[in-house]
Amino acid sequence: MRTNKFYGRDWLSPEIDYSKEEWESLLMLAEELKTRYATNEDTTAILRGKTLYTMFFNSSLRTRSTFAAGIQQLGGFHVDLEPGKTYTPARKGFEVPYKTERICDVARVLSRTGDAIAIRMYGAPAHWIYGFAHETMKEFAYYADIPVINMECDKYHPCQALADMLTIKEKFGQFRGLKFVISWAYSGSTAKPFAVPQSLALAPSLLGMDVVLARPRGFELDPEVTRKCHEYAMQNNASFEETDDMEAAFEKAHVVYPKSWGSLEYFAQLDKNGRKIRSENLEGMKDLFEKNKHWICDEKKMKLLDKNGIYMHCLPADRDMEVTDAVIDGPRSVIYDEAENRLHAQKAIMTLLMGGRL
Ligand code: CP
């Protein structure tokens with residue numbers, strides 16, 4: 001494993017910016033850290049004295065708890081810069097006078113005293129503009145001298161993707177030859193970000209799985225993402241396919257990942273000069289959701305899987321909408337393994353990006 005290439009890098013869209021070999025190195029380290037955790041080994045020398053700043057613009061259970069626990073287990077410290085208690089970091093042109101502070105100042109101040117900045121932002125705090133949160137993180141990264149870690153934006157959720165790849169590796173021992181289905185599923189709460197489906201289309205494609213994206217019409221992913229998935233499939237001599245048939249997608253699948261996400265055409269949009277040319281239409285999006293209530297993961301659909309097939313979800317799940325209790329609580333469900341692996345995956349990310357001493 002080469003670990004000297006990671007120090008100081010950002011973790012914004014690693015499904016695109018990091019190589020397959022780098023993902024494999026991170027997975028190996030996550031496995032090692034998981035073993036050391038299981039055997040009660042003291043790992044507090046790895047990041048002793050290092051500080052992680054976190055900024056959550058949205059709610060979180062798993063990401064918040066595992067970053068806080070993870071940095072502590074590595075000997076570091078985390079400071080939660082709660083929006084509302086600090087001046088809200090704002091991009092130029094999006095400031096509210098007296099309540100905000102430009103990102104260029106926030107990022108440079110935090111770089112003087114800490115070792116990484118981790119951010120979660122999507123939806124309302126990102127003005128419902130697709131890509132706004134990701135651009136916000138890129139602006140942080142531009143001005144910060146320390147790594148910026150994406151804890152979920154409107155485009156990617158790479159920490160979730162790394163933890164999920166770790167879970168699949170544990171269950172199957174390999175990626176090649178596995179059929180992985182990322183599927184849209186109905187939810188009563190609309191306008192969810194594209195972060196999980198896009199990261200969970202890209203990461204398995206990068207690692208060489210045969211990926212199927214199942215979604216009703218109107219729930220296509222960002223074309224840049226699907227183009228990249230096709231490119232990875234070509235490089236790996238694997239496949240990437242799209243379908244609007246959930247049952248057909250589930251046939252002989254090794255992994256199904258049914259999850260709700262929004263519809264791109266109902267999000268707000270800026271032109272290339274940063275002017276708003278379309279407002280969000282959340283009511284319109286809701287109508288589209290209601291037409292697709294049958295996109296639920298139930299026991300009948302789970303019978304279509306390979307005999308060793310598993311059910312995955314990043315959580316929180318919308319029970320009785322995205323998935324039935326029988327499936328999510330059933331023997332094929334690996335949801336708590338995924339949640340646990342967030343800890344070990346993020347410890348690997350922090351160790352390598354923040355200059356950990358192994
Ligand atoms: N999967 C996930 O990111 O969970 P939280 O929203 O609870 O952090």
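Every number here is computed from the coordinates shown, using simple stated rules; none is lab data. Keep in mind that what you see is a predicted model, and the values were worked out from it rather than measured. All Cβ positions, glycine included, derive from the backbone under ideal geometry; neighbour counts span all protein chains shown.
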Inset, instruction - Please identify, among Glu82, Glu31, Glu340, the residue showing maximal mean-square fluctuation in a Gaussian network model of the chain using a 10 angstrom Cα cutoff. - result: Glu82
Legend entry - Under 5 Å, built H, 5+ apart or other chain: amide partners of Ile149: Trp11, Ile117, Ala118, Ile119
Inset, instruction - Compute the label zone of Val109 within the stretch 130-145: residues whose backbone N is under 20 Å from the point 7 Å along Cα-to-Cβ. - result: 136-145
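Averaging sequence separations of C-alpha pairs under 8 Å and six or more residues apart, then dividing by the length of the chain, give the relative contact order as a whole percent. Can you show the working numbers first?
On the way: 713 pairs, mean separation 74.8, N = 358.
Relative contact order here is 21 percent.
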Legend entry - Under 20 Å from Lys92, Cα to Cα: lysines that are on another chain or at least 8 residues apart: Lys138, Lys272, Lys276
Inset, instruction - Work out from phi, with θ = phi - 60° and the Karplus expression 6.51 cos²θ - 1.76 cosθ + 1.60, the ³J(HN,Hα) of each residue of the stretch 300-308, listed in order in whole Hz, and give x for Gly and Pro. - result: 4, 5, 5, 5, 6, 5, 4, 4, 9
Inset, instruction - Any chance you could check the Cα centroid distance between the stretch 167-239 and the stretch 76-103 for me, in angstrom? - result: 33 Å
Inset, instruction - Would you mind classifying the chain by shape? Square roots of the alpha carbon gyration tensor eigenvalues, ordered a ≥ b ≥ c; an a/c under 1.5 is rounded, otherwise it is prolate if a/b is larger than b/c and oblate if not. - result: oblate
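Quote the charge dipole size of the stretch 160-339 about the Cα centre in Debye, to the nearest 20; the model charges only the Cβ of Lys and Arg (+1) and of Asp and Glu (-1).
Details: 24 positive and 29 negative charges, 57 e Å.
Result for the stretch 160-339 is approximately 280 debye, rounded to the nearest 20.
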Inset, instruction - Please list, in chain and number order, the residues 5+ apart from Arg278 or on another chain whose amide H is under 5 Å from its amide H, with Hs placed from the backbone. - result: Gln269
Legend entry - Inter-probe distance in nm under a simple model that places probes 7 Å from Cα toward Cβ, at His294 and Thr35: 4.9 nm
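What is the sum of charges around Ile103, taking Lys and Arg as +1, Asp and Glu as -1, for the other residues whose C-beta is under 11 Å from the C-beta of Ile103? Can you show the working numbers first?
Numbers: positive: Arg91, Lys92, Arg102, Arg108, Lys138; negative: Glu95, Glu101, Asp105, Glu135, Glu139.
Once all neighbours under 11 Å are counted, the net charge is 0.
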Inset, instruction - Note the full-extension length gain between Lys303 and Asp17 as 0.36 nm times their separation in residues minus their Cα-Cα distance, in nm to one decimal. - result: 99.3 nm
Legend entry - Amide N of the stretch 178-199 lying under 20 Å from the label point, which is placed 7 angstrom from the Cα of Asp245 along Cα→Cβ: 179-186
Inset, instruction - Just list whichever of Lys179/Lys291; Lys192/Lys291; Lys228/Lys293; Lys34/Lys85 have alpha carbons separated by over 23 Å in the model shown. - result: Lys179/Lys291; Lys228/Lys293; Lys34/Lys85
Inset, instruction - Quick one: net charge around Lys252, please, counting Lys, Arg +1 and Asp, Glu -1 for every other residue with C-beta under 15 Å from its C-beta. - result: -1
